[in-house]
Amino acid sequence: MELVEKVVINDVMLRDGLQLENKLLSVDEKYDLAVNLIEAKVPTLEIGSFVHPKFVPQMANTGELFKRLDKYVSMNLVALVPNLKGARRAVEYGVSQLNFVFSASDTHNLENVRQTTEESLKNYELIKGFCDERNVKLDVSIATSFGCPFEGEIPTGRIKAIINKIIERKPNIVTLADTTGMANPKQVYLLMKTLNEKHPEQRFNLHFHNTRGMGLTNILAGIQAGVQSFDTALGGLGGCPFAPGATGNVSTEDAVHMLHNMGISTGINLDDLIVTSAKLREILGHELSSSVLKAGKYDRKYPVPSKNKH
C-alpha cells in the first residue's frame, strides 16, 4: 500500500454542509463554528457561497460572516461562486480565494446554474480573467465527475477534456466532486492516477459524498493515486439542493481519525474537532452522521508509512 506522510483536509461544512439544513444559522453561530475549526488547526474553510439567497437561503449571510472573520485573513477562507456576478460580490467583501463550481453533466449543470457545461466553461474564462486582474486565487470544482443522478456515468474522456480546458488557464486547485456518492475506489484510483501523471504540475483535490458509504475508501483510493487534498464536512453534513439523493459529505472527524490511525498527519487536533462537532449537533438540534462523534476516537499508533508498498 502506497501512502504519504501528510494530507490536507478542507472543511466545507459552512457551505456544502449547511445548504440543505432547515434551520438558518445566524452569523454568530457560523462565526463560532468557524473559529472553533480554525483553532482546531483545520487549514482551509469553505465559509459559504455568493449565490442568490432565493435558491440557497443558508448562504445569505456569507459576506457578513467573512467580514466577521477579518482577523483570520492569513487563513485559507474560500467562497463558492456560480458566476461572474457572484465573484464580483465576493471580492467586494474582500474574499481572496474563490471556488467556481460547475458540472461535468449538462443536465445537472442546467438544474444547478441554468447553463450547459460549455457555457460554464466560457464563464470560467471570464471569472479567471477577473481574478487574475485582482490577484485573487481561483479554484475550480467539477461536480458530477464520478457520475450524475440524471445521466448516470460520465465518460472519462469528457472529464479529461474539461480538465484540459481548465488547466490551460492555470487555476489554483482543481476539485473533482462526487456529488451524489456514485464513485467507487477503483474508479477514483484509475482516473486520478491518469490525471496526476498527465498534469503533475496541477494540484488536485477530491470531494466525496458518503451517500452509499464509500467516502472513506474513496479517500484512501485517491491517496494511493497521489492526491493529497480532500474536502470533508464537520459532522458529515451536506448535500446538493439540485441533485436527488445527495446526502452528506465524508465527516471531517471521521477522515482525520482514519488518517491519524494510519500514521498520516493532517495537522488537525481531533479532540477539538469532536468537541466542535458536538456543538454543531446542539445548534442544529439533530443527530449527525459522524461515526467518531457517536463512538469516540480510538488511537492505534503506526510508524509513518511514507511511500511504502506492502
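Every number here is computed from the coordinates shown, using simple stated rules; none is lab data. Keep in mind the model is a prediction, meaning the values are calculated, not measured. Reconstructed Cβ throughout: ideal geometry from the backbone, glycine too, with neighbour counts over all protein chains shown.
Observations, loosely collected:
- Dimensionless Rg over Rh [the range 116-206; C-alpha; Kirkwood]: 0.97
- In plain terms, the residue of 253, 111, 119 with the fewest other Cβ atoms within 10 Å comes first and the most crowded comes last, giving 119, 111, 253.
- Cα pair distances of the chain binned at 10 Å [whole percent]: 6, 29, 38, 23, 4, 0
- Listed by Cβ neighbour count within 10 Å, with the fewest neighbours leading, 299, 106, 271, 16 appear as 299, 271, 106, 16.
- Among the listed pairs 128/193; 30/67; 23/54; 128/160; 193/294, those beyond 23 Å (Cα-Cα): 128/193; 193/294
- Label-point gap, in nm, between residue 130 and residue 272 - each point 7 angstrom along Cα→Cβ: 3.4 nm
- Efficiency of FRET from Cβ geometry, residue 294 and residue 262, R₀ 22 Å, rounded to 0.05: 0.60
- Ranked 256, 91, criterion: other C-beta atoms within 10 Å, fewest first: 91, 256
- In this label model, residue 212 and residue 72 are separated by 3.5 nm, measuring between points 7 Å along each Cα→Cβ vector.
- Based on C-alpha pairs under 8 angstrom that are at least 6 apart in sequence, the range 13-108 has a relative contact order of 27 percent.
- Here the extension length gained between residue 282 and residue 194 equals 27.4 nm, from 0.36 nm per residue of separation less the Cα-Cα distance.
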